[in-house]
1. Near residue B:345, which aspartates and glutamates are there with a Cα under 18 Å away, not counting those fewer than 8 places off in the same chain?
2. Given C-alpha coordinates of the stretch A:383-437, what is the ratio Rg to Rh with the Kirkwood estimate of Rh?
3. For residue B:427 and residue B:88 in one chain, what is 0.36 nm times their gap in residues minus the Cα-Cα distance, to one decimal in nm?
4. Hey, could you pull the Cα Rg and Dmax for the stretch B:132-203, both in Å?
5. Going by average Cβ neighbours within 10 Å, how do the peptides A:399-408, B:186-195 rank, with the highest at the top?
6. Can you return the aspartates and glutamates within cross-link range of residue B:128? Criterion is Cα-Cα under 15 Å, with same-chain partners fewer than 8 residues away left out.
7. With θ set to phi - 60° and the Karplus curve 6.51 cos²θ - 1.76 cosθ + 1.60, what are the ³J(HN,Hα) couplings of the stretch B:26-35 in order, to the nearest whole Hz, using x for Gly and Pro?
8. Sorted from shortest, what are the nm distances separating the label point of residue A:40 from equivalent points in the other copies, each placed 7 Å from Cα along Cα to C-beta?
2 protein chains.
Amino acid sequence: MSDPANALVGRKKRSSDPPDSPRSVGWVTPQHALLASAANPLPLDCGRHLAPVSVEYETYGALNAARDNAILILHALSGDAHVAGWDATNQAPDCARPWRHWCVAPDGSDREHGKSPNWWDTMIGPGKAFDTNHFCVICANVLGSCYGTTGPSSLDPATGRPYGLSFPAVTVRDWVRLHARLLDHLGIDQLYAAAGGSLGGQQVIELGLAFPERVRGLMVLAASPRLSNQGIALNYAARHAIINDPWFARGDYYDAARRPDAGLGIARMIGHITYLSEMGMELRFDPGRRPSADLVRGLYDPHRLALEPGGYVPGNEFDVESYLTRQAEGFIERFDPNSYLYITKAMDYYSAADWGDGDLGRAAARARGRWLVASFTSDWLYPPASCRRLADALCANSQPVTYVNIESDYGHDAFLLEVDTLERLIVGFLEGVARHG
Amino acid sequence: MSDPANALVGRKKRSSDPPDSPRSVGWVTPQHALLASAANPLPLDCGRHLAPVSVEYETYGALNAARDNAILILHALSGDAHVAGWDATNQAPDCARPWRHWCVAPDGSDREHGKSPNWWDTMIGPGKAFDTNHFCVICANVLGSCYGTTGPSSLDPATGRPYGLSFPAVTVRDWVRLHARLLDHLGIDQLYAAAGGSLGGQQVIELGLAFPERVRGLMVLAASPRLSNQGIALNYAARHAIINDPWFARGDYYDAARRPDAGLGIARMIGHITYLSEMGMELRFDPGRRPSADLVRGLYDPHRLALEPGGYVPGNEFDVESYLTRQAEGFIERFDPNSYLYITKAMDYYSAADWGDGDLGRAAARARGRWLVASFTSDWLYPPASCRRLADALCANSQPVTYVNIESDYGHDAFLLEVDTLERLIVGFLEGVARHG
């Protein structure tokens with residue numbers, strides 16, 4: 001997902017509230033729970049049992065006495081548990097740990113460091129779409145990521161060294177299994193709702209099919225029952241870019257002088273191209289497009305291409321190139337290349353139809369609760385037609401589902417940026433869960 | 001462009017005719033012309049003057065006495081002058097020179113070697129769309145390529161070594177300037193027609209604007225007045241993949257033990273994703289898509305990802321992955337990574353509107369002749385709406401233009417594969433040039 005700060009030029013957008021705002025959840029501290037130990041390892045789809053497994057999560061708002069007002073937010077590929085407010089452990093702009101949360105400073109200096117605050121603060125807080133005056137909002141980092149939950153950069157107890165590529169393959173179903181353990185840990189039998197966009201939306205689907213009794217309202221944004229072939233193909237090319245980096249070292253780069261940053265940067269560029277729409281790109285980048293003749297006449301020097309491997313190519317002659325370079329540079333500071341391999345694989349593997357032996361209609365028969373499925377007209381990573389397949393399957397099983405195809409130029413990133421529209425939908429949907437759910 | 005052999009499963013497709021068929025132009029031998037020398041160098045848009053410049057070209061059919069029956073075919077990114085028939089210099093399956101033409105054997109053994117015959121034989125020959133009984137068809141390799149025309153792998157006379165990245169930046173306009181010199185060399189004042197798809201189509205546009213009096217009929221297929229931002233962005237990521245390859249060596253890899261093959265392979269993967277449509281991919285790859293659970297259960301071993309840099313990742317768990325791997329492997333045998341950098345840059349730079357100081361309408365006022373603009377419904381590299389902009393601009397200048405948006409699942413590759421439809425259109429268009437042109 002893109003940095004929400006990069007909204008379309010000229011479009012009004014909501015930004016995060018400062019920590020002292022009445023609409024902010026304020027300073028928050030990530031929490032950790034040990035959810036699998038040698039005595040109680042986590043069984044994985046690949047057949048292995050993993051232990052220990054520690055999960056990083058955050059909560060905003062209070063759990064009520066009945067423990068029935070919890071909403072679980074599921075994050076996407078490059079997200080983390082830090083979905084709202086300001087991370088109290090990361091206050092100074094110079095506090096960055098490798099692959100730690102987006103590092104922010106409340107005075108705005110984060111911008112200079114290419115950082116951005118929490119990824120969905122616009123939606124979570126007192127009086128917001130997910131209103132923390134009423135709900136206890138929870139978000140946990142997924143297994144295999146690099147933001148506090150056990151992943152390839154964690155120490156393997158068997159060797160005392162980072163797992164690297166000996167970390168087991170993980171799946172969306174594994175993630176959801178772990179989310180269920182977190183709910184047990186927190187003493188929550190049933191969620192009021194779960195919500196997520198992109199790969200987070202696929203976790204919502206999986207939660208609804210694997211644990212249908214544990215969630216009343218399910219919000220699937222910009223996500224479909226499985227990734228398109230195009231998406232799988234682009235992930236494949238992106239993984240190659242990481243693995244072919246001269247510093248990849250078979251994934252064992254944690255103690256090396258350099259890491260496969262350039263490869264990860266290329267992977268991120270490919271990702272970002274899928275997060276925007278061509279229409280959105282035109283609005284944003286065309287005004288700065290210089291005449292081709294100007295670019296060529298003496299401005300373009302092929303020697304500038306000839307940086308050493310691991311460096312970045314300058315010659316950002318088009319605004320879209322500069323944009324991608326910035327995104328890549330920001331990303332390599334905050335993400336683990338191995339995690340990118342594992343999480344994109346989980347994304348590729350996911351297929352909700354597996355619950356129905358390949359038949360999505362049969363899979364959807366397992367569902368309970370009320371569903372909201374929202375797609376965005378210009379999203380080509382999870383195109384509207386593919387999102388709608390979920391709604392159709394639920395509908396065919398007489399499940400209560402609302403499907404909305406939201407007009408937007410933002411492409412896939414719309415689930416982060418179409419805040420006003422989503423807020424209206426989500427507030428209404430959450431009320432409906434109380435009334436009918 | 002893709003290997004035309006890879007048509008959608010189950011779709012009837014035309015294949016090349018064997019060399020002894022009456023519909024084949026038979027055995028052909030590439031020719032070479034020295035079109036720029038120290039005394040008469042080729043001026044380039046970047047400001048440099050290049051010499052010597054040798055061009056490889058092929059001709060099929062005879063030039064008539066009036067020298068007015070020539071049709072120039074312009075090739076795309078990875079194409080060459082060998083557009084029809086069988087290359088007499090490349091008869092044996094073991095004859096491959098690096099980056100030489102697709103190496104073919106008439107007995108079909110080419111398939112085993114991952115090779116494919118000439119790239120548009122289906123369209124050129126006696127009785128075909130470009131009927132060599134009536135027309136003299138010419139195709140020349142572009143400047144900067146690796147198929148016989150001067151490019152980065154050619155020897156720099158100043159050093160006696162391959163140019164590598166000291167080769168000057170080239171543009172579509174430079175190519176067309178060189179095509180004009182070839183026409184002079186062949187004694188052709190005015191072409192009967194010019195035709196090309198993709199980057200070849202952009203050469204047709206440029207030919208029509210730079211030398212409007214030198215061509216009567218212009219056929220622009222799957223090409224627009226400029227590349228989309230999405231296209232520029234994907235080319236940018238692809239070039240990074242080449243440059244970040246551990247064997248790139250600042251482009252000076254010609255005498256090295258290894259070349260940046262894996263990087264070029266990744267670039268080719270990215271390219272191929274843009275040549276197909278998601279709809280076409282679903283038809284082709286979905287039938288083989290295994291249940292996710294099967295893939296994960298013991299089949300997926302992250303260790304398989306850990307090949308050394310320069311190797312290829314196995315674990316082609318999805319058919320689309322295997323497809324991309326095959327395309328990449330075939331491509332690295334036949335293309336120069338430096339040429340890929342130069343030609344994609346030319347593709348990015350191209351903007352027909354430069355002739356009108358950024359105003360396509362004004363640029364189109366220079367046009368003469370009759371135009372055919374054809375787009376394909378599922379092409380997202382040069383989407384129909386972008387191709388139509390050319391037709392609109394020509395129309396607004398009262399130029400005779402026919403615009404067709406052809407229904408196809410083939411994506412961008414449709415210009416190679418929708419042979420029947422294109423044949424009907426082209427035959428009619430060429431008759432129209434005679435009648436009205």
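The values are calculated or read from the model by the stated rules, or taken from the named source; none is laboratory data. Everything numeric in this text was worked out from a predicted model, so none of it was measured. FYI the Cβ positions are ideal-geometry reconstructions off the backbone, even for glycines, and counts take in every protein chain you see. With ligands, DNA and RNA removed, areas are computed over all heavy atoms of the protein, side chains included. Shrake-Rupley method; radii C 1.70, N 1.55, O 1.52, S 1.80 Å.
1. A:286, A:294, A:301, A:317, A:319, A:321, B:45, B:80, B:174, B:206, B:336, B:354
2. Looking at the stretch A:383-437, the ratio lands at 1.01.
3. On the way: separation 339, 0.36 × 339 = 122.04 nm, distance 2.84 nm.
The residue B:427-residue B:88 span can extend by a further 119.2 nm.
4. That works out to 14.4, 46 Å for Rg and Dmax.
5. Per-residue mean Cβ counts within 10 Å order the peptides as B:186-195, A:399-408.
6. Residue B:128 reaches B:17, B:418, B:420, B:423, B:431.
7. Whole-Hz 3J(HN,Hα) from phi for the stretch B:26-35: x, 7, 10, 10, x, 10, 10, 10, 8, 10.
8. From this label point to the equivalent ones elsewhere in the assembly: 8.6 nm.
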